[in-house]
Structure formats: C-alpha cells, structure tokens
1. If I stretch the segment between S59 and C154 completely, what's the gain in nm (0.36 nm per residue apart, minus their alpha carbon distance), one decimal?
2. Cut-off under 17 Å on the C-alpha distance; same-chain residues fewer than 8 positions from K18 excluded. Which aspartates and glutamates are left, in chain and number order?
3. Which value at 222 nm does the chain reach when only helices count, each DSSP H run of 4 or more adding -39,500 (n - 2.57), with the total divided by all residues and rounded to the nearest 500 deg cm²/dmol?
4. For the stretch 65-157, which trypsin sites (Lys or Arg not before Pro) are both in a DSSP coil and crowded by at most 14 other Cβ atoms within 10 Å?
5. What FRET efficiency do you get for E76 and S224 if R0 is 45 Å and r is their Cβ-Cβ distance, rounded to the nearest 0.05?
6. Over the Cα atoms of the stretch 34-112, Rg to Rh with Kirkwood Rh, two decimal places?
7. Test of understanding: extend the Cα→C-beta vector of E17 to 7 Å, then name every residue of the stretch 181-222 with backbone N under 20 Å from that spot.
8. What does DSSP give for the chain in terms of the percent of beta bridges that are antiparallel, rounded to the nearest 5?
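We did not get these values from a lab; they are worked out from the coordinates using the rules stated. Everything quoted here is computed from the prediction, not taken from an experiment. Neighbour counts run over all protein chains shown; Cβ positions are idealised from the backbone, glycine included.
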Amino acid sequence: MIELKHIYYTIKDGDKEKTILEDINCIFDDDCVTAITGQNGSGKSTLTKLIMGIINPTSGKIYFNNIDITDKSVDERAKMGLTYAFQQPITFRGITIKELIDIASNEDNSIPKACEYLSKVGICAKDYINREFDKTLSGGEQKRIELALTLAKCGKCIIFDEPEAGIDLWSFERLNNIFEKGICYIVVSHQTRLLERADKILVLDKGKIKNYGISAEVIKHLSSYQCKRVSED
Ligand SMILES: Nc1ncnc2c1ncn2[C@@H]1O[C@H](COP(=O)(O)OP(=O)(O)OP(=O)(O)O)[C@@H](O)[C@H]1O
Ligand SMILES: [Mg+2]
C-alpha cells in the first residue's frame with residue numbers, strides 16, 4: 001500500500017516557482033490496480049517518479065506499507081519492493097535480454113523461465129532472449145521488454161508509466177492479463193481498455209486530484225473532463 005500525504009512538487013521557473021503537483025492525498029491499495037489518467041502535462045509521470053524516489057517532493061510524506069519512505073533513495077525503495085517501468089524505456093548496449101532478466105529477478109533463470117516473462121507481454125521469446133536490449137529493437141519491442149523486466153523484479157508495488165504506449169492492440173490485450181493478486185499496481189494510462197480494467201482511477205488535472213474512486217464511477221465522468229488522449233479503441 002502506498003499513501004501520499006499533502007504532496008507538493010514545485011520547480012524553479014526563472015525567478016518564479018511553478019507548482020507541478022499540489023496537495024496530493026491518496027492511498028493506493030494492495031490487490032488493486034489503480035490507473036492514473038489526465039491530460040498531457042497534468043503531472044502523472046511526476047507523481048509516479050515521486051513514489052519511486054526518482055525525484056523528491058517539495059513537501060509532504062510518502063508511506064509504503066505504513067513506513068515513511070519520503071527520504072529513502074530509489075535503491076532503498078527497490079529493495080523494499082517498489083518497481084518502476086519508465087514511459088520511455090532506457091536501453092543498454094552489450095547486454096542480452098536474458099542477462100537483464102537474470103539481473104531483474106536476481107537469479108540465474110532457465111531459458112524457459114526467462115522466456116515466460118517475455119511471453120507474458122506478448123513477445124515470441126526465443127527470437128529475443130539472446131538479443132541485446134539496444135536501439136535496434138523497435139519502440140514497441142523496447143517497451144514490452146521493459147515491462148517484462150519490471151515483472152521479473154516481482155515487486156510488491158509495481159508502477160507502469162503508460163505501458164500501452166507504442167504497443168499494438170494484440171499485445172495490449174495480453175497486457176491486461178499481467179496483473180496478479182496481492183500486488184499494488186499503479187498504472188498511468190490514457191487507454192480506455194486499461195481504465196476499464198483498473199479497480200480505481202485517479203484523475204489529475206493541472207497538478208491536482210480531480211477525481212479518485214471506483215473505476216466504473218470515475219469513467220462516467222471522464223469525457224466531461226476533456227481528457228483528450230483517452231481513446232475509444
Ligand atoms: N523539471 C522540470 N522542469 C520544468 N517543468 C517540469 C519539470 N518536471 C515536470 N515539468 C512540467 O510538469 C508538468 C507535468 O509533467 P509530467 O511529465 O508529470 O506530465 P504527464 O501528466 O506525465 O504528461 P504526459 O501525458 O504527456 O506524459 C509538465 O508541464 C512538465 O513540463
Ligand atoms: Mg507522462
């Protein structure tokens with residue numbers, strides 16, 4: 001469970017201060033898929049980076065299973081079971097996808113076991129397992145492999161920033177099946193199908209919470225918020 005209490009995030013904008021997130025209070029439960037949605041620039045990625053510790057709040061507190069993690073580093077949070085998949089994956093040259101899966105899961109996986117992680121995200125594993133995770137992979141392939149690496153970490157709280165970005169619809173159907181019981185999932189998304197799959201939805205608008213609740217209820221109001229990137233497909 002993640003709890004955010006009075007989270008503010010401000011940055012220097014010339015000689016002025018710009019508030020990116022303002023007084024965010026919410027709880028992301030275990031055994032729950034919470035989707036975060038809202039217009040471009042509303043603060044979704046910023047919020048998830050704060051939870052992972054990639055950036056630090058200007059004020060407010062972040063709790064993970066009731067432990068204050070506000071001052072903990074990314075590494076410390078990762079060791080506690082927080083896992084993060086970037087909106088734009090970071091690639092590495094000179095290291096194979098199998099090696100990366102072993103690092104992520106912290107074990108020397110058999111080939112079938114390593115392939116399982118790739119199959120979960122719709123990748124024909126045998127074609128990729130010995131490839132390097134580099135820019136020769138297509139954007140959608142990079143994104144899916146990043147998701148597989150995130151799953152291999154077996155976190156207790158897993159954060160995906162736009163997992164559907166660049167993913168074709170066939171594979172996207174499989175993405176809906178990656179959620180397992182007992183885990184706290186926080187998923188930034190604009191995709192109607194993912195929002196419908198979510199248990200709860202948090203809507204951000206200009207750095208503030210516009211709505212937060214059971215997904216079926218929040219979805220009823222989404223079109224009136226003019227979340228223009230929420231697609232109907
Ligand atoms: N370090 C920074 N310096 C300047 N502006 C920033 C910084 N970090 C975030 N912002 C601004 O904060 C706002 C929120 O950014 P964020 O990346 O969280 O948006 P988002 O909701 O994830 O958008 P998208 O849907 O496009 O991914 C944007 O206007 C962005 O330009
Ligand atoms: Mg973003």
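1. Working: separation 95, 0.36 × 95 = 34.20 nm, distance 2.99 nm.
Using 0.36 nm per residue and subtracting the Cα-Cα distance, I get 31.2 nm.
2. Straight-distance partners of K18: D205.
3. On the way: 8 runs with 70 residues, N = 233.
Computed ellipticity for the chain at 222 nm equals -8500 deg cm²/dmol.
4. Details: sites: K72, R77, K79, R93, K98, K113, K120, K126, R131, K135, K143, R144, K153, K156; in loops: K72, R93, R131, K135, K153, K156.
Here the trypsin sites (Lys or Arg not before Pro) that fit, given the DSSP loop and packing criteria, are R93, R131, K135.
5. Numbers: r = 41 Å, r/R0 = 0.91.
That pair, E76 with S224, gives E of 0.65.
6. Working: Rg = 15.5 Å, Rh = 14.9 Å.
Value, to two decimals: 1.04.
7. From the stretch 181-222, the list is 206-209.
8. Working: 23 of 43 bridges.
That works out to approximately 55 percent antiparallel.
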